[in-house]
Amino acid sequence: MALRETFTGEARGHGRLVKQSGGHGQYAVCDVVVSPLPRGSGVQFTDKVVGGSVPSQFISSVEKGARAQLEHGLGNDHVQIVDVLVTLVDGKAHSVDSSDAAFQMAGGLAVKDAAANGGISLLEPLATVDITVPDTHVGSVLSDLSGRRGRVTGTEPDPSAPLGMERTVVHAEVPDAELTRYAITLRSLTAGTGRFTRTFARYEVVPGNVAEALRTASTS
């Protein structure tokens, strides 16, 4: 199960790399604003630098560093950050000590700083599930789905069911984490007569009371 994270609001971050150790040092400073985007947007980058405070040849370095940090994650659990816009708004460079590598590092530090200044939410994959069961078992299936944080989106008669053996197709959205061993549960609930299909739907924010348990399960 691939968890993701995203920003819950706009946050500003400051990245600074200044090292002097004989000969050429490393110098790069950048300021970014990270903003949340709609689900499925991925990571986007833009710059609003004025006056050349970050030389043009290093803007792509900041982007590369920011993207690498977001893909790697911001904590020890290495959960990828998605659906954000990173805007480079300011920075400083040194005529001798600035480099591509230095600005990549500063870009990564800036998005980490933004995460510390703003809110982060956990995202989990959500599946679209179609469950076909005899009519007599619909109630128990619906009850079980509610215990799995499932959302029923509709029900309809199964047009392929023989007369006298009526079946219902239950359409629902269920977090992937709640579908572990669901095939076994469904067989038990329906005396082996139920079946289901699942397809990935989208990522959705995890409720706060569930997030910590999911983080623990994903790293164990």
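The values are calculated or read from the model by the stated rules, or taken from the named source; none is laboratory data. The structure displayed is predicted, hence computed values, not measured ones. Virtual Cβ from ideal backbone geometry, glycine too; neighbours counted across all protein chains shown. Ligands, DNA and RNA are excluded from the accessible area calculation, which covers all protein heavy atoms including side chains. Shrake-Rupley method; radii C 1.70, N 1.55, O 1.52, S 1.80 Å.
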Checklist line | Per-residue [θ]222 nm for the chain (sum of -39500 (n - 2.57) over DSSP H runs n ≥ 4, rounded to 500) | finding: -9500 deg cm²/dmol
Item checked: Top of A116, A66, A106 by mean-square fluctuation, Gaussian network on the chain, Cα under 10 Å -> A116
Next item on the list: Return a whole-number percent for the relative contact order of the stretch 39-127, with Cα pairs under 8 Å and 6 or more residues apart as the contact set.
Entry: 39 percent
Check: Out of the stretch 135-220, which chymotrypsin sites (Phe, Trp or Tyr not before Pro) are coil in DSSP terms and have no more than 11 other C-beta atoms within 10 Å?
Finding: none
Next item on the list: Might you tell me the accessible area per residue for the stretch 86-188, computed with a 1.4 Å probe and given in Å²?
Entry: 46 Å²
Next item on the list: Determine the share of the chain's accessible area contributed by carbon and sulfur atoms, expressed in whole percent, with a 1.4 angstrom probe.
Entry: 51 percent
Note to self: Are there DSSP H segments in the chain that both extend 24 Å or more along their axis (alpha-carbon positions) and score a mean Kyte-Doolittle hydropathy of at least -1.0? List them, or say none.
What the structure shows: 56-72, 100-117
Check: Once Rg/Rh (Cα atoms, Kirkwood Rh) is worked out from the coordinates, which option in (1) 1.20; (2) 0.95; (3) 0.98 does it equal?
Finding: (1)
Margin query: So if I place +1 on the C-beta of Lys and Arg and -1 on the C-beta of Asp and Glu, and nothing else carries charge, what would the dipole magnitude of the chain be about its Cα centre? I want it in debye, nearest 20.
Written below: 300 debye
Notebook entry, point to check: At a probe size of 1.4 Å, how large is the accessible area of T8, to the nearest 10 Å²?
Noted result: 80 Å²
Margin query: For the chain, set up a GNM with springs between Cα atoms under 10 Å and report which of L88, L109, L163 has the largest fluctuation.
Written below: L163
Check: Which longest run of the chain has no exposed loop site in it, a site being trypsin sites (Lys or Arg not before Pro) in a DSSP loop with at most 14 other beta carbons within 10 Å, and the site itself not part of the run?
Finding: 49-180
Check: In terms of modelled amide H atoms, which long-range or inter-chain residues lie less than 5 Å from the amide H of S99?
Finding: Y27
